[in-house]
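Below: one structure, written as C-alpha cells.
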Amino acid sequence: MKIGLITLHYNTNYGAVLQTYYTQEYFKSLGHDIEIIDYRSPAVLFFYFKHLFYNKRPLSGLIKFLKFTFFFKKYYNLSKTLFFKFQFKDLILKYDIIIAGSDEVWNIRSHRNFNPIYFLSFAKSYHNL
C-alpha cells in the first residue's frame, strides 16, 4: 500500500522531527511504501525561520537548520515540495491512503493557526478525479 503522510515535519523541533521519522519507520516496518508529503506551510516556515535567525545567536540558528536539513535529506522519504493547495492535485492520485499525523496538526491555537491542508481538505477537493 502506498501511504502519504502529511504532518509538521519540516522544522527544527526535535519532537516533530522524531515523530515524523518514527511514523515513517513504523509503516515501513509493516511493509508499506510511505512517503512524507513535503508540504511546507508558509506560516510554519516563517515562524521557525524567524526564531532561528532573528535572535541573539543567528549563527547557532543556521547551524541547527543545516543539521536538521541534513537529517531530512538522509532519513525522510519526501515527496516533491509543495507550498500551496493547488499543487496537491497531481500528488493526491499517487497514494492509496493519506494520514494526517502529529499532535500539533490538531493544535489550531498555536502560532500556525488553522490550516485546512493538515485536515486533508485537498483530498476532499480531488476525490472525484
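Just a few scattered comments:
- Surface share of carbon and sulfur [accessible, 1.4 angstrom probe, percent] for the chain: 61 percent
- Cβ-placed point charges (K, R +1; D, E -1), dipole of the chain about Cα centre in debye, nearest 20: 540 debye
- Counting only DSSP beta bridges whose two residues both lie in the chain, roughly 0 percent are antiparallel.
- Loop sites in the stretch 11-90: chymotrypsin sites (Phe, Trp or Tyr not before Pro), DSSP, at most 13 other Cβ within 10 Å: Tyr54, Phe83, Phe84
- Furthest towards positive pole of dipole, Tyr39, Ser121, Asn13, structure part the chain, Cβ charges: Asn13
- Cα-based helix-to-principal-axis angle, 58-75 vs the chain, degrees rounded to 10: 30 degrees
- Given Lys2/Lys50; Lys2/Lys89; Lys28/Lys73; Lys28/Lys80; Lys2/Lys64, the pairs whose alpha carbons are separated by over 24 Å: Lys2/Lys50; Lys2/Lys64
- Close amide-amide hydrogen proximity is noted between Ile36 and Leu5, Asn77, Leu78, Ser79, each under 5 Å apart and 5 or more residues distant or on a separate chain (H modeled in the peptide plane; Pro and chain starts excluded).
- Accessible surface area normalised per residue over the chain is 61 Å², counting heavy atoms of protein chains with a 1.4 Å rolling probe.
- Stretching Asp90 away from Lys73 to a fully extended chain increases their span by 3.9 nm, per 0.36 nm per residue minus the current alpha-carbon distance.
The values are calculated or read from the model by the stated rules, or taken from the named source; none is laboratory data. Just so we're clear, the structure is a prediction, and the values are computed from it rather than from any experiment. All Cβ positions, glycine included, derive from the backbone under ideal geometry; neighbour counts span all protein chains shown. Remember, those area values only see protein heavy atoms, side chains included, never the ligands or the DNA or RNA. Shrake-Rupley method; radii C 1.70, N 1.55, O 1.52, S 1.80 Å.
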